[in-house]
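Colleague: Next up is a structure, given as structure tokens.
Only the coordinates and a few stated rules stand behind these numbers; no lab work does. Remember, it's a predicted structure, so these values are computed and weren't measured experimentally. Quick reminder, even Gly has a Cβ in these numbers, built from the backbone with ideal geometry, and neighbours come from all protein chains shown.
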Amino acid sequence: MDFAFLLETFLRLLPGVPLTLQLAFLSVAFGIALALPVALMRLSRIWPLVWTARAYVFVFRSTPLLVQIFLIYYGLGQFPELRYSALWPILREPYWCAIIALTLNTAAYGSEIVRGGVQSVPHGQIEAARACGMGGPLLFRRIVLPLAVRQALPAYGNEIILMVKATALASVITLMEITGLAAKLISETYRAIEVFIVAGAIYLAINYVITRIVHVLEHWLTPYLRPAPVPAASSRGEPA
Amino acid sequence: MNDFGLWNVFSFGPGGWGPAMAKATLMTLAVAITGFFVGAVIGALGAWAKISGSRAVRAAADGYTTVLRGIPDLLVIYLFYFGSSAVLTPLARFFGASGFFSLPAFLAGALAIGIVSGAYHTEVLRGAYWSVARGELEAAIAVGMSRSLAFRRIIVPLTLRYALPGLGNIWQLVLKESSLISVTGLVEILRQAQVGAGSTRQPFTFFLAAAILYLVISSVTGWATQRAESHFTRGLRRE
């Protein structure tokens with residue numbers, strides 16, 4: 001194996017890391033902000049809201065992300081109304097198109113995770129809160145949401161990993177993140193295997209760090225699941 | 001530029017894109033089904049390695065599922081499409097041919113999807129195997145079945161039954177992933193939509209049509225897997 005080439009490849013791919021992280025971070029953050037209202041719509045008993053949320057989730061989960069990216073990046077230019085609107089400076093940019101597509105996509109999956117979390121809150125907890133006189137938004141903020149977050153966190157961790165992987169598709173619309181740089185390097189050097197090893201290792205490292213962060217967060221949020229501190233016991237956390 | 005005509009994309013009349021889209025749909029199905037079954041074979045081997053392999057074999061299987069689930073699928077497709085030439089061109093030169101050789105886009109794509117989905121298959125099949133009740137196996141031994149007979153008659157059918165929902169999810173994943181193969185130039189739904197978008201200057205119409213086709217395929221197959229699930233679990237007690 002040619003280590004000099006591997007090192008050179010690593011240095012050539014490294015500039016793509018910030019863009020990958022940016023795309024992943026922004027789309028996950030916007031995605032959560034959108035997933036929460038969609039989940040609440042889905043859980044409300046108002047049928048137009050329920051059906052809007054259901055249709056949104058159905059459409060975005062049943063079509064490939066790449067099609068969604070193309071629809072937004074290439075497709076929207078078909079409408080002159082949009083091309084001459086104030087939104088065009090944003091919709092013209094591949095960067096924002098990628099973030100919009102990734103956000104809409106992850107919010108659809110995320111809303112189902114949040115919904116599962118909210119529905120898993122034991123009824124007794126809600127009854128107890130009501131018995132204490134809580135109601136409406138206060139009950140949601142203090143009881144339902146924290147419990148739902150704990151329940152949903154492992155699944156949301158998976159979704160974040162999937163989003164990091166999904167940012168690779170932004171390379172198809174000219175964004176030079178890790179995969180974009182890797183594809184360019186492959187077509188320059190024809191050494192696909194070496195470039196693949198380096199790019200794959202970078203993604204694995206990113207995802208490993210994210211997994212650890214989610215684990216720490218989970219550990220921190222579930223003190224009641226940890227064994228009581230026993231002297232000289234190992235400090236291993238409970239598996240989820 | 002003509003008006004927004006979605007019907008034109010699906011039309012089989014003169015100037016319609018119907019035949020091309022239909023052919024592309026068949027290509028998507030072919031590459032997705034091939035990829036799914038390649039993945040199933042890899043998954044069966046992977047699950048077997050994780051369940052009863054030696055420590056080294058288990059570690060290899062763990063490494064495979066960790067790596068393949070941690071890197072983007074697009075990267076794997078690039079590896080197979082471009083990487084195959086790094087292996088095949090010297091091989092072809094060895095046999096006296098000259099020039100540039102790589103796997104055909106279909107094969108590269110189906111293999112890439114198979115390798116990626118194999119990681120998910122491994123986990124689904126392994127989980128399903130462990131949910132087969134141990135009593136069933138004991139009963140099989142008690143009535144005098146040999147190991148291979150018990151495997152064929154008891155373990156495989158029960159494992160598949162428990163794996164069915166997971167396999168349905170993998171199929172949906174594979175179907176959507178097959179769209180990534182468009183980057184290699186294989187004319188499946190998305191690639192055909194790109195071609196149509198380029199020549200008619202109606203990108204939204206064509207990509208919307210592609211989205212509708214994927215939506216229809218995934219709904220129909222989703223409904224079918226749900227039917228299969230309720231068919232094969234009819235012997236199970238439900239609360």
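Colleague: Would you compute, for the Cα atoms of chain A, the largest minus smallest coordinate along each principal axis and list the three values in descending order, in whole Å?
Modeller: Its Cα atoms span 68, 63, 27 Å along the three principal axes.
Colleague: Return the sequence-ordered ³J(HN,Hα) values of the range B:212-221 in whole Hz as given by the Karplus equation 6.51 cos²θ - 1.76 cosθ + 1.60 applied to θ = phi - 60°, using x for Gly and Pro.
Modeller: Coupling constants for the range B:212-221: 5, 4, 4, 4, 5, 4, 5, 5, 5, 5 Hz.
Colleague: Can I ask one more? If one takes the longest principal axis of the Cα atoms in chain A, at what angle in degrees, from 0 to 90 and to the nearest 10, does the Cα axis of helix A:192-221 lie?
Modeller: For helix A:192-221, the angle is close to 20 degrees.
Colleague: Among A:His219, B:His121, which comes first, second and so on when ranked by fewest other beta-carbon atoms within 10 Å?
Modeller: On the way: A:His219 15, B:His121 29.
If I rank by nearby Cβ atoms, fewest first, I get A:His219, B:His121.
Colleague: May I pose another question? Between B:Val216 and A:Val230, take the C-beta separation as r, use R0 = 60 Å, and let me know the FRET efficiency to the nearest 0.05. Show your work: numbers first, answer last.
Modeller: Working: r = 58 Å, r/R0 = 0.97.
Plugging the Cβ-Cβ distance into 1/(1 + (r/R0)^6) gives 0.55.
Colleague: List the aspartates and glutamates whose Cα sits under 20 Å from the Cα of B:Lys176, skipping any in the same chain fewer than 8 residues away.
Modeller: Here the aspartates and glutamates satisfying the reach criterion relative to B:Lys176 are A:Glu112, A:Glu159, B:Asp73, B:Glu123, B:Glu188.
Colleague: Give the aspartates and glutamates whose C-alpha is closer than 16 Å to that of A:Lys184, dropping any in the same chain fewer than 8 places away, or say none.
Modeller: A:Glu8, A:Glu194
Colleague: May I pose another question? Kindly provide log₁₀ I(q)/I(0) values, in the same order as q = 0.11, 0.15 Å⁻¹, from the Debye equation applied to equal alpha-carbon scatterers of the range B:14-232.
Modeller: -0.67, -1.04
Colleague: Another question, if that's okay. Between the helical axis of A:47-62 and the dominant principal axis of chain A, each derived from Cα atoms, what acute angle in degrees is found, rounded to the nearest 10?
Modeller: Approximately 40 degrees, to the nearest 10.
Colleague: Next up: Taking beta carbons within 10 Å but only from partner chains, what does the mean come to for residues B:175-184? Show your work: numbers first, answer last.
Modeller: Working: counts 3, 7, 3, 1, 7, 6, 0, 5, 5, 0.
Mean shielding count: 4.
Colleague: Order of B:Leu111, A:Leu104 from fewest to most other C-beta atoms within 10 Å?
Modeller: A:Leu104, B:Leu111
Colleague: Let me ask something else about it. Calculated from DSSP H runs of 4 or more alone, at -39500 (n - 2.57) each and per residue, what is the 222 nm mean residue ellipticity of the protein assembly as shown, nearest 500?
Modeller: When only DSSP H runs of four or more count, the value is -24500 deg cm²/dmol.
Colleague: Continuing with the same structure: Kindly put B:Ile154, B:Ile217 in sequence by how many other C-beta atoms sit within 10 Å of each C-beta, fewest to most.
Modeller: Fewest-to-most Cβ neighbours within 10 Å comes out as B:Ile154, B:Ile217.
Colleague: Continuing with the same structure: Considering only A:Ser62, B:Ser85, A:Ala199, whose Cα is most displaced toward the positive end of the charge dipole of the protein assembly as shown, charges sitting on Cβ of Lys, Arg (+1) and Asp, Glu (-1)?
Modeller: A:Ser62
Colleague: Now for a separate question. From the gyration tensor of the Cα coordinates in the range A:20-71, what semi-axes in whole Å does the equivalent ellipsoid have, largest first, with each one equal to sqrt(5λ)?
Modeller: They are 24, 16, 6 Å, listed from largest to smallest.
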